[in-house]
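One structure below.
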Amino acid sequence: MSPRSPVGSIFDLSIPPRSSSNTQSKPKGEELLHTVRQTKWAVTKAREWLSLHGMNTTFEDFTDEQLDQMLLGFYTSGVKKDGSSFSATALLAFRTALNRYLQKRGRITNLATAHNFKQSNAVLARLMSTSVKVNKTIRVPDIKLMYTSGTLSNSTPESLLYKVWFELQMNFRSKLDWSKVLAEHFFFSHNSVGKLVVTWNTCGLGNCSQMTVIEADGSSYCPVESLRLYMEHRSQAGKALLQVPASKDLQTKGVWYLPEDIRDYREKSFMKKISALARLSQTYTNACVLNCYEEYFQAMLSLNNMNPSASTSC
């Protein structure tokens, strides 16, 4: 018999609901949690770099030429906390986030295409071309195939495990140390309009200092419904969220997972296994998952338009 669902816990959710959680109707301009984090990161890094070099940190007031020089300097001398250089992919994300930040403040110029940023973009282009490894994204058709093939689904212990693993990363948008992600960090409840939500205590994971809230989207591929189902089936004897799927014999007896956490080497190969099981166009690595949110959004929009029936549990 499955353990009692965590839905309806007494945990007080005081976080206001998003204006819209339906994937099909999400406004293009709506900022998701990962977007806010990325923007905040880029702005903070820009100010830190300027301060370190004794410059005015209010870059919002810079001319295009001054911004170009700031970007050029950051691309060539910006470093992480440990003193190592940023990857070309991280620098590209920095430019994208900073461009979004400035445009929201009314600046029309595009940092990636405007002629006034020719010098900095030339440097970034060179770094991208000489980068030893630039992580790939996952193509939209391949993301759709992961779902339509049943590789990411609620059908089996393995497919449900992969689906939860993949979708939590889509919502957190940062590399995770899965050994620190525990089942007790998740709380289910309903918002003011009766929609199921899960609050994930992500404080301390990566650079996150706040909780992550995920709303059920009412679709056939609802990530919250899958997470709830996973929580019902996982072994209560283990603390780590990710658990090893049970053998076929135990599954016939209603046991889906063993109280054993997924060892690091197994989790690191998840995307390669998914690529093989779903027969994707190429073999992807786990690093690709964090780079494919836009592709994921497009794929889910397409899938939900093809199959608009909603899950009644959401």
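Any read-out appearing in this document is the output of simple, stated calculations on the displayed coordinates, not a laboratory observation. These numbers come from a predicted model, not from an experiment. Positions of Cβ are generated from backbone atoms using ideal geometry, with glycine treated the same way; all protein chains shown enter the neighbour counts.
Overview of results
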read-out	value
Spin-label pair Thr252/Tyr265, simplified geometry with 7 Å Cα→Cβ offset, distance in nm	3.1
Cβ charges +1 (Lys, Arg) and -1 (Asp, Glu), total dipole of the stretch 136-306, debye	380
Label-to-label distance, nm, for residues given as Ala122 and Thr57 (7 Å Cα→Cβ offset)	3.2
Vicinal HN-Hα couplings computed from phi for the stretch 109-124 (Karplus, 6.51 cos²θ - 1.76 cosθ + 1.60; Hz; Gly/Pro x)	4, 9, 5, 8, 10, 5, 4, 5, 10, 4, 5, 5, 5, 5, 5, 5
Sequence-distant residues sharing a close amide H with Leu182 (under 5 Å, placed H)	Leu241
5 angstrom amide H check on Tyr284, placed H, neighbours 5+ away	Ser275
Percent of C-alpha pairs per 10 Å bin, the stretch 33-130, short to long	15, 54, 29, 1
Proximal lysines to Lys239, defined as alpha-carbon separation beneath 28 angstrom and excluding residues fewer than eight positions away on the same chain	Lys163, Lys175, Lys180, Lys195, Lys248, Lys253, Lys268, Lys272, Lys273
Equivalent-ellipsoid semi-axes of the stretch 223-270, from the Cα gyration tensor, Å, largest first	17, 15, 11
Total charge dipole magnitude, the stretch 137-196, about the Cα centre, Cβ charges on Lys, Arg, Asp, Glu only, Debye to nearest 20	220
Dimensionless Rg ratio for the stretch 235-310, taking C-alpha atoms and the 2.2 N^0.38 Å reference	1.41
